Amino acid sequence: MKKARVGPRRTVHMHLFRSVALAGDLMALITSFQCGIFADLVPYDHEGRYMARMRRGTAPLVLPGRFFKAYGKKSIDLSFLCLDCSSQVYLPLHLAIFEGDEHRVRQWLACKPHWLTPRAFDAAAFHGHMHIVQLLHSLGGAATTAAMDLASLAGHMAMVEFLHRTRGEGCTYRALDEAASAGHLDLVKFLHEHTHGGATVRALDGAAARGFLDVVIFLHHHRHEGCTTSAMDTAATNGHLEVVQFLHSHRRERCTRAAMDGAATNGHLEVVQFLHVHRTEGCTTSALDGAARRGHLAIVQWLHFHRTEGCTTDAMDDAATNGHLEVVQWLHTTRCESGTDAGLKEAKDRGYGAVAAYLQTHCQSTVRSTSSFTMHDAVALRRHWAYDNGSDSDTDDSDTDDSDHSDERQLRWPFHV
């Protein structure tokens with residue numbers, strides 16, 4: 001009977017394994033043909049997969065706890081990492097770029113060289129990580145014009161200079177537009193003098209909207225794109241009086257009624273007064289309505305005494321809804337205003353008991369139901385319109401009784417000037 005062949009002992013296998021594993025050159029050659037990632041990247045790989053799996057539709061990414069401790073952020077949009085739904089497979093690398101972790105970026109690119117895309121370069125430039133941009137540049141990474149555009153948006157002057165000096169992608173008009181809108185005057189000057197990406201009216205419009213007077217002045221004197229009426233409209237809305245004054249004195253684009261409407265709504269009385277004295281566009285009922293909604297009593301009073309546009313039922317309703325008792329009282333006593341039952345209901349629902357009590361005590365008889373506008377009201381409205389336009393009020397509805405006139409007076413107040 002033949003004896004079974006005895007294989008090498010286990011100790012022999014272990015000896016061979018150790019010999020191969022400890023032979024650095026041989027081990028490197030073997031692993032170079034294997035797929036996979038470094039062991040210390042595994043937790044980050046799981047983290048990225050989990051974040052991508054938990055994200056739904058266009059919802060932002062929910063970040064791990066360490067991001068909140070370091071950056072004060074609990075979630076970010078994919079675009080903040082220069083990614084979209086089709087490219088979130090690169091999420092682990094782009095998170096490392098966002099954190100500025102050069103070692104981890106090197107590891108990921110050693111394991112996944114195909115992850116070195118223009119998006120990675122753009123993300124590093126956007127977040128201002130010069131050491132990572134230099135690494136990607138040395139690895140031959142491609143980029144797009146978005147790199148300089150995004151660096152300009154973020155105000156990274158040194159990054160823009162580096163990209164301009166060492167790269168050939170250049171930038172687009174977005175670079176100067178975004179730098180101006182963000183108030184980065186030094187970048188605006190650099191881009192104006194050294195690049196050919198151009199700009200649009202959004203540069204001056206954006207700088208004006210955010211109150212960057214120095215940028216507005218530079219663009220006015222050195223660029224030819226100009227601006228739109230949005231420049232003064234948004235500057236006024238945001239309370240940037242000096243910008244409004246400069247645009248009024250030096251530009252010809254004018255503004256619209258939205259300028260005074262927005263300034264009044266946001267409580268910028270000095271801007272409202274300047275526009276009233278120096279401009280002719282005026283405002284709409286939205287000015288007084290908006291001021292009442294935000295509780296700006298001084299502006300409500302000023303508009304009442306200096307403007308003729310008046311307000312609508314929204315003034316009383318929104319003031320009541322937001323609990324502005326003094327505004328409600330003033331509208332009722334001085335302008336004889338009322339509102340609808342919606343204002344009373346909202347005041348009650350939001351817990352503004354004093355406002356609700358005042359409306360019930362002083363305004364209940366004139367509060368209109370929001371669902372009671374009937375043909376009877378339409379007749380009254382037509383009579384009011386005919387009266388204000390000098391037409392004969394005796395129309396084919398002359399057979400209505402005297403009760404029509406009380407409703408006509410009640411309906412008239414929203415148009416009071």
Residue that is surrounded by the fewest Cβ atoms within 10 Å (Cβ to Cβ) [pool: residues in the stretch 44-66 that are closer than 22 Å to TRP108 by Cα and under 22 Å from the mean Cα position of the chain (by Cα)]:
VAL62
Would you check which residues across the stretch 274-295 are in contact with a His (Cβ under 9 Å, 6 or more places away or on another chain) and under 18 Å from VAL328 (Cβ atoms) and list them?
LEU288, GLY290, ALA292, ARG293, ARG294, GLY295
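Among what's in the stretch 256-274 and is assigned to a loop (DSSP other than H, G, I, E, B) and surrounded by fewer than 21 Cβ atoms within 10 Å (Cβ to Cβ), pick the residue that is nearest to the chain's Cα centre (by Cα).
ASN266
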In the set THR200, THR237, THR195, which member is of a type in the set (Ser, Thr, Tyr) and more than 21 Å from the chain's Cα centre (by Cα)?
THR195
Any chance you could count how many residues in the stretch 275-289 are buried (at least 23 other Cβ atoms within 10 Å of the Cβ) and among the acidic types (Asp, Glu)?
1
THR172 - would you say it is of a type in the set (Val, Ile, Thr), closer than 15 Å to ALA203 by Cβ and surrounded by fewer than 22 Cβ atoms within 10 Å (Cβ to Cβ)?
yes
Which residue out of TRP108, TRP115 is surrounded by 15 or more Cβ atoms within 10 Å (Cβ to Cβ) and in contact with a Pro (Cβ under 7 Å, 6 or more places away or on another chain)?
TRP108
Between residues in the stretch 160-188 that are farther than 15 Å from GLN134 by Cα and residues that are at pLDDT 95 or above and among the aromatic types (Phe, Trp, Tyr), which pairs lie under 7 Å by C-beta distance while being six or more apart or on different chains?
GLY183/PHE212; LEU185/PHE218; VAL188/PHE218
Give the number of residues within the stretch 67-88 that are in contact with a strand residue (DSSP E or B) (Cβ under 9 Å, 6 or more places away or on another chain) and surrounded by fewer than 15 Cβ atoms within 10 Å (Cβ to Cβ).
3
Does ALA292 qualify as being surrounded by 19 or more Cβ atoms within 10 Å (Cβ to Cβ), at pLDDT 95 or above, of a type in the set (A, V, I, L, M) and over 28 Å from LEU204 (Cα atoms)?
yes
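Residues checked against (1) touching a Ser or Thr at 6+ places or on another chain (Cβ under 8 Å); (2) at pLDDT 70 or above; (3) not polar (S, T, N, Q):
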{"position": "VAL12", "(1), (2), (3)": "no, no, yes"}
{"position": "VAL20", "(1), (2), (3)": "no, no, yes"}
{"position": "THR31", "(1), (2), (3)": "no, no, no"}
{"position": "HIS46", "(1), (2), (3)": "no, yes, yes"}
{"position": "THR58", "(1), (2), (3)": "no, yes, no"}
{"position": "PHE67", "(1), (2), (3)": "no, yes, yes"}
{"position": "LEU95", "(1), (2), (3)": "no, yes, yes"}
{"position": "GLU99", "(1), (2), (3)": "no, yes, yes"}
Assess whether THR321 counts as being under 28 Å from the mean Cα position of the chain (by Cα), more than 30 Å from MET232 (Cβ to Cβ) and either of a type in the set (Asp, Glu) or crowded, with 18+ Cβ neighbours inside 10 Å (or both).
yes
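The values are calculated or read from the model by the stated rules, or taken from the named source; none is laboratory data. Because the structure is a prediction, the values reported are computed rather than measured. Glycine also receives a Cβ, built like all others from the backbone with ideal geometry; neighbour counts cover every protein chain displayed.
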